[in-house]
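Chemist: Structure incoming, see below.
Read-outs throughout are calculated quantities, based only on the coordinates presented, and are distinct from any laboratory measurement. Bear in mind the structure is a predicted one, so any value in this text is a computation, not a measurement. We place every Cβ from the backbone using ideal geometry, glycine too, and count neighbours over all the protein chains shown.
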Amino acid sequence: MPGNITLAGLHMAIQIAMGWLNCHLYRFRIAGEEYGEELEDDPWFDMREATRAVLQRLVPFEGSTFLYEYDYGDGWRHSVKVERILPAQESVTCPTCLAGRRACPPEDCGGIGGYYRLLEIIADPAREEHDEMVAWLGGPWDPDHFSLDEVNVELRCYSW
């Protein structure tokens, strides 16, 4: 991840890596401050603008951790850790996914509980909801599928 990426850019990198569609609000919680999308007409979402917050300025140390939340209804909470900081390289202009496994929960599946229910339903073709759930997913879906190459192609194709 380039250190000069904004938190809005980090949000998009996470969306791409997770296979999500950026359909919901998000926020980062770093050192007691919240960063996300500024919603001028909603005082409940009083946070700093993520498009102006630069990652390396907010978490400049290895081992730093912070929270990323996405889709307040489903409640996806991710603890993000700065594992290593490398010297800046001009050739690194976009994020790169280094590893991964399994497909991420589909968008709008109902959070952790909904995701586990989805897994149970698609694993059992005899279940009444099976065909409806497969149709909702857009066809057969393999929860064990992950392609590092596919994620990195999408990361490279995004306009950073």
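Chemist: For segment 58-73, list residues with backbone N below 19 Å from a point placed 7 Å from the Cα of residue 89 toward its Cβ?
Modeler: Backbone N within reach: 62.
Chemist: Once mean projected area of the Cα convex hull in nm² is worked out from the coordinates, which option in [x] 8.0; [y] 10.9; [z] 11.5 does it equal?
Modeler: Label [y] holds the value from this structure.
Chemist: So, one more: Please give me, ordered by residue number, the GluC sites (Glu not before Pro) of segment 116-160 that lie in loop per DSSP and have at most 16 other Cβ atoms within 10 Å.
Modeler: Values: sites: 120, 128, 129, 132, 150, 154; in loops: 128, 129.
Those that pass, being in a loop and sparsely packed, are 128, 129.
Chemist: Loop-only check: which GluC sites (Glu not before Pro) in segment 9-70 are DSSP coil with at most 16 other Cβ within 10 angstrom? Spell out each step's value before the answer.
Modeler: Working: sites: 33, 34, 37, 38, 40, 49, 62, 69; in loops: 37, 38, 40, 62.
In loop regions of segment 9-70 (DSSP not H, G, I, E or B), the sparsely surrounded GluC sites (Glu not before Pro) are 37, 38, 40, 62.
Chemist: Using Cα-only point scatterers and the Debye equation, what is log10 of I(q)/I(0) for segment 26-104 at each q in 0.15, 0.20, 0.25, 0.26 Å⁻¹, rounded to two decimals?
Modeler: -0.68, -1.10, -1.36, -1.39
Chemist: Something else about it: Distance between Cα centroids, segment 1-26 to segment 141-160: provide it in whole Å.
Modeler: A separation of 13 Å, based on Cα centres.
Chemist: Now, a different point. So which trypsin sites (Lys or Arg not before Pro) in segment 15-89 end up in coil per DSSP with only 15 or fewer other C-beta atoms within 10 Å? Walk me through the numbers on the way to the answer.
Modeler: Values: sites: 27, 29, 48, 52, 57, 77, 81, 84; in loops: 84.
Those satisfying the criteria are 84.
Chemist: Shifting gears a bit: Mean-square fluctuation check for the chain, GNM, Cα pairs under 10 Å: which of 139, 75, 114 is largest?
Modeler: 139
Chemist: While we're looking at this one, here's another question. Considering segment 103-144, what Rg and Dmax in Å follow from its alpha-carbon atoms?
Modeler: Final numbers for Rg and Dmax: 9.4, 24 Å.
Chemist: Could you give the nm distance between label points at residue 24 and residue 79, where each point is 7 Å from its Cα heading toward the beta carbon?
Modeler: Simple spin-label model gives 2.1 nm for this pair.
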